[in-house]
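A short worksheet on the structure shown next.
The values are calculated or read from the model by the stated rules, or taken from the named source; none is laboratory data. None of these values were measured; they are calculated from a predicted model. Using ideal geometry, Cβ is built from the backbone for each residue, glycine included, and neighbour counts are taken over all protein chains shown.
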Amino acid sequence: MAIDLALIFASAIGAEILYHSLPNDLEGEFSHTIAAATFVAVLFVAAMRVQKLYSPNRLILMDDQARSVLSAWCGAFLILASGVFTWGVSHDLSRGDILLFWALGAATLLAHRVFWWAALPRALESGALRGRTVVSLTCEDAIPQRFVENLTRHGYHIVAHFHIPPNEPFVDEIIDNAISICRTSEIEEIVLFVDPERMSQLRSIAKRLRVLPLPVTFVPLGTLSQLFQRAHNDIGETVAIELQRAALSPAEQVVKRVVDIVVSLAALVLLSPLMLAAAIAIKLDSEGPVFFRQTRHGFSGRPFGIYKFRSMTVLENGDVVRQAEKRDARVTRVGYWIRRYSIDELPQLLNVLYGDMSIVGPRPHASSHDRYFMSAIEKYAFRHHVKSGMTGWAQVSGSRGKTETLEKIQKRVELDLWYINNWSIWFDFSIMVRTIFVVFSGRNAY
């Protein structure tokens, strides 16, 4: 919190210095700038504290932090603008100065979050920074290792673990031991892991734990965890969980389409020299066309022609399309490099501009692969509930490259469905940023 305050005032002063070219112009402006900075700082920090966004386990949630910081920062400036207009003091503040203050402040506050996002997990995991001490109870013999690693990474330190047996006579004794540990140690929270088969015990266990003035957190296991990840809404007094998300609403489709047009146009302009160089290299390296068009299936299963730079000596687009393999003899010399850094995918910006694809979405497969996967994997067709994308959640989550086994394509489908069910415009932006790092790594690209 103190660092945020310092960054806000530093941004205000920095904006003042950058905006005014002569030192003697600054004397009459600093008092107004400091007043505006104080007003904005109080509103921003108050908003962040109310949402408890300064706790270590919240600071490492980058998507949550970025969204909250930008919302609180923009909200504080809107209130400032309203106040300035209402009080009639707009002549005391320079528009350029305030806009520069807003931009510098947003950049420094986000950079501050990036630092904590990178540093906190390591500090918490190594023990250099004190985590939240908890007692865990589970119906399993031990907590699944992935949960232990996740809790540790997010600042939770498990000081004691209790296994709740299925036999009722022993449950009370276990709960009594857990309560005793909590009363004699500085425990901050109780984490309760329960699988679907033991849900009947949840109410009685929670009732026994009410004697402790501690928060009790329920962590569902198995199919329950998947259910709780779904969006929910209220129908009167009834809680309803969304098992399958419908296609994006008209408003969401408009927002996503606007972003696609802006990003694709900007990328085409900025990357045009690279695309021109790639086209010339392809033409000089081997015989054949520069571009390659292949039939894919996008939104609602509609076919479209996807554009790519030709990277192979073959132009497969029929009932049999063999996926590229490592050291594939069909890949040309130039094709190796443009595939390694996904330069061959850049012409798909035209598909995005035309509306056949989106910047972010499930990656489309060749028609022959689509037909096979659809018959072999039950939920594969759900990928067509949104437009296909140049990049996607599966690609930035390690499921990139060849899908030679059903296990690999099943994993990709699960990640694609999670993206569809949890879509937001901020989620798209985070995937775009992560894609840059994935592309430069060149992993699983051949």
Next on the checklist: Every residue in the range 175-230 that is in contact (Cβ under 8 Å) with a residue 60 or more places away in the chain and either touching a Cys at 6+ places or on another chain (Cβ under 7 Å) or not in a strand (DSSP E or B) (or both), please.
Outcome noted: Gln201, Ile205, Leu221, Gln229, Arg230
Item to check | Selection from the range 364-383 of residues that are buried (at least 20 other Cβ atoms within 10 Å of the Cβ) and of a type outside the set (Asp, Glu) | outcome: Pro364, His365, Ala366, Tyr380, Arg383
Checklist outcome for this item: Across the range 83-101, the tally of residues that are surrounded by 14 or more Cβ atoms within 10 Å (Cβ to Cβ), under 22 Å from Val45 (Cβ atoms) and modelled with pLDDT under 75 stands at 3
Checklist entry - For the range 50-82, which residues satisfy the criterion of being among the hydroxyl-bearing types (Ser, Thr, Tyr) and at pLDDT 75 or above? => result Ser68, Ser71
Item to check | Those residues of the range 252-272 which are more than 30 Å from Tyr380 (Cα to Cα) and either in contact (Cβ under 8 Å) with a residue 60 or more places away in the chain or of a type outside the set (A, V, I, L, M, F, W, C) (or both), in sequence order | outcome: Leu265, Ala267, Leu268, Leu271, Ser272
Checklist entry - If you scan the range 421-446, which residues turn out to be modelled with pLDDT of 85 or more, of a type in the set (A, V, I, L, M) and either outside the structural domain of Lys387 (by TED's automatic domain parsing) or in contact with a helix residue (DSSP H, G or I) (Cβ under 7 Å, 6 or more places away or on another chain) (or both)? => result Ile425, Ile431
Item to check | Pairs, first in contact (Cβ under 8 Å) with a residue 24 or more places away in the chain in the range 273-295, second assigned to a loop (DSSP other than H, G, I, E, B) and among the acidic types (Asp, Glu), C-beta under 8 Å, six or more apart | outcome: Gln294/Glu316
Checklist entry - Within the range 332-361, restricting attention to residues that are modelled with pLDDT of 90 or more, part of a loop (DSSP other than H, G, I, E, B) and in contact with a strand residue (DSSP E or B) (Cβ under 9 Å, 6 or more places away or on another chain), which residue is surrounded by the most Cβ atoms within 10 Å (Cβ to Cβ)? => result Gly361
Checklist outcome for this item: For Ile436, the lone unmet condition from (1) buried (at least 18 other Cβ atoms within 10 Å of the Cβ); (2) over 23 Å from Leu248 (Cβ atoms); (3) of a type in the set (Val, Ile, Thr) is (1)
Checklist outcome for this item: Of the candidates Ala2, Ala46, Ala41, the one satisfying the condition of being at pLDDT 75 or above and either of a type in the set (S, T, N, Q) or more than 21 Å from Ala107 (Cβ to Cβ) (or both) is Ala46
Next on the checklist: Can you say whether Met312 is assigned by TED's automatic domain parsing to the domain that holds Leu350, among the aliphatic types (A, V, I, L, M) and at pLDDT below 85, as far as the supplied structure shows?
Outcome noted: yes
Next on the checklist: Being over 30 Å from the mean Cα position of the chain (by Cα) and not assigned by TED's automatic domain parsing to the domain that holds Ser424 is true for just one of Asp172, Asp195, Asp234. Which residue is that?
Outcome noted: Asp172
